[in-house]
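The structure under discussion appears below in the form of structure tokens.
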Amino acid sequence: LPYNLIIMKTRNRQSGQVLLITLLVLSVATTIVLSLIGRATTDVAISNQIAESQRAFSAAEAGIEEILKSGTAAAGAQILSSGASYTVVKADIGGAAGAYQFPSKTPVGATETLWLVAHNAAATLIETPTYTAGTLDVCWSAETTTPAVLVSLLYKTGTSYRVARAAYDPNATRAATNKFALPAVTTGGCGAGTGTTYKQTIIFADFTPAIVPTSDTLISLRVTPVYSETKLAVSAGAVLPLQGSRVESSGTTTGGITRKIVVYQQFRAPSSIFDASVISGGDFGK
């Protein structure tokens, strides 16, 4: 072949190779750019969702703070300056007969208080007989380690304040060492929905001295789990006094994101250390 023709064919092959390499580089670059754009878009969407979620949660917190400050729930949705809104619902806890369930599992050594007298608007005790039934059922859940419960009944007879105590353990193998009473195990505890298995009926007249709810003032029943955390409930033979309130606040953003906060606002109770303290309204004498 002539020299010029050989050079032309060589240049054509080189041009074709350059074109293929260029197309390959452009394809790889386009894939990388599209991947980066997709990731950036996803990151922006996630960041916006997180920001919206935080805004909704802050709105729900604002609703909780407002009701704790004022004591009443405003009707309808309340619009905040950020554009988010909150809706608060406040409901009484207790104030009815039947089963009363404590909000969450009670840790070992912690004490739950069931009020047996009413409170006034200032959350001060009204020391007149309110719960006058002769019995009260205490129920608790079955856990990996079988829980037992300690019970302290604070009551007033005449002008004297007294405490009656009892301990109940469904595990018979521990009775020789802890000397707890062995309750009758009742399937279902305080009933369906309470999550409890064991039930102990407390008969006030069985204490020494006997307690008469119609004349003695039952102030509170304090229950402490031992050996394991447990879910506690009680079943009342009469209407229980109010135990506090349940506040539920839902925060919503303009983007439609909603977050909810639930707070249980129960009447104040003394620390469990007072169950083992000696308290006197007057002077101690030797």
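Any residue at all in the stretch 47-58 that's basic (Lys, Arg), surrounded by fewer than 16 Cβ atoms within 10 Å (Cβ to Cβ), in contact (Cβ under 8 Å) with a residue 24 or more places away in the chain and not in a loop (DSSP other than H, G, I, E, B)? If you could, list the steps in order and put the result at the bottom.
Narrowing the stretch 47-58 to residues basic (Lys, Arg): 55.
After this cut, where a residue has to be surrounded by fewer than 16 Cβ atoms within 10 Å (Cβ to Cβ) as well, the list is none.
No, the conditions are met nowhere in the stretch 47-58.
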*Would the stretch 234-244 turn up any residue that is open to solvent by 30 Å² or more (accessible area, probe 1.4 Å), farther than 21 Å from GLU112 by Cβ, at pLDDT below 90 and in contact with a Ser or Thr (Cβ under 7 Å, 6 or more places away or on another chain)?*
no
_In the stretch 80-127, the residues that are part of a strand (DSSP E or B) and aliphatic (A, V, I, L, M)_ = VAL88, VAL89, ALA91, ILE93, ALA99, LEU114, LEU125
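Residue by residue, here is whether (1) at pLDDT 90 or above; (2) open to solvent by 60 Å² or more (accessible area, probe 1.4 Å) holds:
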residue	(1), (2)
TYR168	yes, no
LYS179	no, yes
LEU182	no, yes
GLY189	no, no
ALA192	no, yes
LYS199	yes, no
ILE203	yes, yes
ASP206	yes, yes
SER215	yes, yes
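Yes or no: the stretch 207-217 includes at least one residue that is hydroxyl-bearing (Ser, Thr, Tyr), touching a residue at least 60 places away in the same chain (Cβ under 8 Å) and out of contact with any Asp or Glu (no Cβ under 6 Å at 6 or more places or on another chain). Explain how you work it out, then say what you get.
Of the residues in the stretch 207-217, the ones hydroxyl-bearing (Ser, Thr, Tyr) are 208, 214-215, 217.
Narrowing the set further to residues that are touching a residue at least 60 places away in the same chain (Cβ under 8 Å) leaves 214-215, 217.
Of the ones still in play, those that are also out of contact with any Asp or Glu (no Cβ under 6 Å at 6 or more places or on another chain) are 214-215.
Checked the stretch 207-217: at least one residue is hydroxyl-bearing (Ser, Thr, Tyr), touching a residue at least 60 places away in the same chain (Cβ under 8 Å) and out of contact with any Asp or Glu (no Cβ under 6 Å at 6 or more places or on another chain).
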*Going by the structure shown, is GLU127 open to solvent by 60 Å² or more (accessible area, probe 1.4 Å) and at pLDDT below 95?*
yes
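Quick check on my filter: what residues within the stretch 195-220 are in a loop (DSSP other than H, G, I, E, B) and within 15 Å of ALA167 (Cα to Cα)? Before you say what the answer is, go through the steps one by one.
Of the stretch 195-220, the ones in a loop (DSSP other than H, G, I, E, B) are 195-197, 207-216.
Result: PHE207, THR208.
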*Set THR113, THR87: member being surrounded by 11 or more Cβ atoms within 10 Å (Cβ to Cβ) and within 30 Å of ALA238 (Cβ to Cβ)*: THR113
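The values are calculated or read from the model by the stated rules, or taken from the named source; none is laboratory data. Quick caveat, the model's predicted, so the values are computed rather than measured. Ideal geometry is used to build each Cβ from the backbone, glycine not excepted, and the neighbour counts take in all protein chains shown. Accessible surface areas use protein heavy atoms only, side chains included; no ligands, DNA or RNA. Shrake-Rupley method; radii C 1.70, N 1.55, O 1.52, S 1.80 Å.
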